[in-house]
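Everything below concerns the one structure shown next.
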Amino acid sequence: MNRLKNIYHEKTMLKELLVEKVIYIVLIALFITVVIIEPKFLSLTNFKNIFAQSATRIIIALAAGMVLIVRGCDLSTGRMIGLAAVISASMMQQAGYAYRMYPGLNELPLIVPILLVIVICALLGAITGTAIAVLKVPPIIATLAMQLILYGASSIYFDRPPYGAQPIGGLSKNIIGIATGFFKLGKIEIPYLILIAIAICILMWVIWNKTRFGKYMYAVGGNPEAAKVSGVNVIRTQIIVYSAAAVLYAVAAVLEVGRIGSASNTTGNGYEMDAIAACVVGGVSMSGGIGSIGGIVIGVLIFTVINYGLAFIGVNMYWQYIVKGLIIALAVVIDMRKYARRK
C-alpha cells in the first residue's frame with residue numbers, strides 16, 4: 001500500500017514538475033527547430049548580436065521586475081524609454097550635423113543628457129508611484145494613463161519645426177562607440193554593452209539582496225499588510241521602486257539610442273510586454289514577492305534567442321507576435337498555478 005502511495009506521489013510530483021517546466025520545454029523545442037532549419041544560426045557573430053541586443057533588454061527587465069515584485073505593473077515602460085530616447089538623442093547630436101534639433105547648442109558632454117533624462121524619468125516614475133501608493137489608483141490604470149501622457153509628450157517634442165517628424169540622427173561618436181563598441185578577448189569580441197549590463201546586474205543584486213530597501217521591496221510584495229505592521233513604510237517603498245525603475249529605463253534608453261543610431265517617438269514601443277514576459281518566464285511572480293536577478297537575465301536571454309532565431313529563419317513578424325503572446329499567456333498560467341498552490 002505504501003509502495004502504491006509512493007508511486008502515486010512520485011507521478012504527481014513529476015506531473016507538477018513537467019507543468020511548471022513546460023514553458024522551458026516549448027522554448028527549447030523552438031530553439032532546436034530554428035537550429036535544424038538554419039544551422040548557421042549557431043555562430044559566434046549571431047550570439048554576439050544576441051547578447052548585445054539582450055544588454056539593454058536586461059536593464060529594462062530588471063526595472064520591470066522590481067515593479068512586479070511589489071505587486072505592481074508598468075505599462076508605461078516603452079513610452080518612458082521613448083521620451084528619454086528623443087530627449088537624450090536631441091542633445092547628443094554632433095556639432096556639424098546639418099539637421100540638429102538645437103543648432104545653436106554646443107556638443108554637450110555625454111553625462112549632461114544622461115543625467116537630464118535620469119532626473120526627468122525619476123520624477124515621472126515618482127509621480128506614477130505616488131498615484132498608486134497614495135491615491136490608490138490601480139497600477140494598470142495609473143501606468144496606462146502615464147503611457148498615453150508620455151507618448152503625447154514625446155510626439156510633441158519629436159515633431160518640432162523646422163524638420164518635423166524625422167528620426168533624430170547624427171549622434172555623437174562617443175555614445176555610438178559605447179553602445180556598439182567592443183573589446184577582443186582572443187578571437188572573441190565582447191561588446192561594451194554586455195559589460196554595462198553585467199555591472200548593473202551586480203549593482204541590482206546587491207540592492208535587492210543586501211540592503212534594507214531590498215528586504216522591504218520583497219516584504220511589500222509578499223504581504224503589504226504584514227509589512228506595514230512590521231514597520232515597513234509601504235508607501236515610500238512603492239514610490240521608490242517606480243522611481244528607481246524609471247531611472248533604469250532612462251539608462252537603457254540612452255544605450256538603445258546609441259545602439260540603433262537614432263531615435264523617434266516610436267522608440268521603445270512594446271518594450272513593456274517583452275520585459276514583463278521575460279520576467280515571468282524568468283520566475284518573477286505576477287502575485288508579487290518572488291523574483292531574482294538571475295531568473296530575469298535568463299528570461300531575457302531566452303526571449304532574445306527566440307526572437308532573433310525566428311527572424312533569422314524568416315518567420316513573418318506577425319507570427320512572431322503570436323508566438324510571444326502564447327508564451328506570455330502560458331507563463332502567466334503557470335505562475336498562477338504556483339500561486340494557488342502556495343495559497
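Miscellaneous remarks
- Among residues of region 234-261 that are farther than 21 Å from Ile176 by Cβ, those with a beta-carbon under 8 Å from a residue that is among the basic types (Lys, Arg) at least six positions away or on a different chain give the pairs Val234/Lys228.
- Residue count, region 29-46 (criterion: part of a helix (DSSP H, G or I) and open to solvent by 60 Å² or more (accessible area, probe 1.4 Å)): 9
- Members of region 313-327 that are assigned to a helix (DSSP H, G or I) and surrounded by fewer than 18 Cβ atoms within 10 Å (Cβ to Cβ): Met317, Tyr318, Trp319, Gln320, Tyr321, Ile322, Val323, Gly325, Leu326
- Pair list, Cβ < 6 Å and 6+ apart or interchain, from region 118-146 residues that are hydrophobic (A, V, I, L, M, F, W, C) to residues that are part of a loop (DSSP other than H, G, I, E, B): Ala131/Val137; Ile140/Cys73; Leu144/Leu75; Met146/Ser76
- Listed by position, the helices (runs of 4 or more DSSP H) contained in region 75-193 that have at least 1 residues being more than 23 Å from Ser54 (Cβ to Cβ) and open to solvent by less than 40 Å² (accessible area, probe 1.4 Å) are 77-90, 111-133, 139-158.
- Options Gly291, Gly268: the member that is open to solvent by 10 Å² or more (accessible area, probe 1.4 Å), at positive phi and assigned to a loop (DSSP other than H, G, I, E, B): Gly291
- The number of residues in region 214-236 that are open to solvent by 70 Å² or more (accessible area, probe 1.4 Å) and either within 21 Å of the chain's Cα centre (by Cα) or among the small types (Gly, Ala, Ser) (or both) comes to 1.
- Matching entry among Ala246, Ala263, Ala278 (being open to solvent by less than 30 Å² (accessible area, probe 1.4 Å) and at pLDDT below 90): Ala278
- Some residue of region 206-213 being assigned to a helix (DSSP H, G or I), open to solvent by less than 50 Å² (accessible area, probe 1.4 Å), touching a residue at least 40 places away in the same chain (Cβ under 8 Å) and within 26 Å of Ile50 (Cβ to Cβ): yes
- Among residues of region 286-308, those that are among the small types (Gly, Ala, Ser) and at pLDDT below 85, counted: 1
- Number of positions in region 196-205 that are under 15 Å from Ala244 (Cα atoms) and surrounded by fewer than 15 Cβ atoms within 10 Å (Cβ to Cβ): 1
The values are calculated or read from the model by the stated rules, or taken from the named source; none is laboratory data. Predicted model only: the values in this text are computed from it and were never measured. With ideal geometry, Cβ positions are generated from the backbone for all residues, glycine too; neighbour counts draw on all protein chains shown. What goes into the accessible areas is simple: the full protein's heavy atoms, side chains included, and nothing from ligands, DNA or RNA. Shrake-Rupley method; radii C 1.70, N 1.55, O 1.52, S 1.80 Å.
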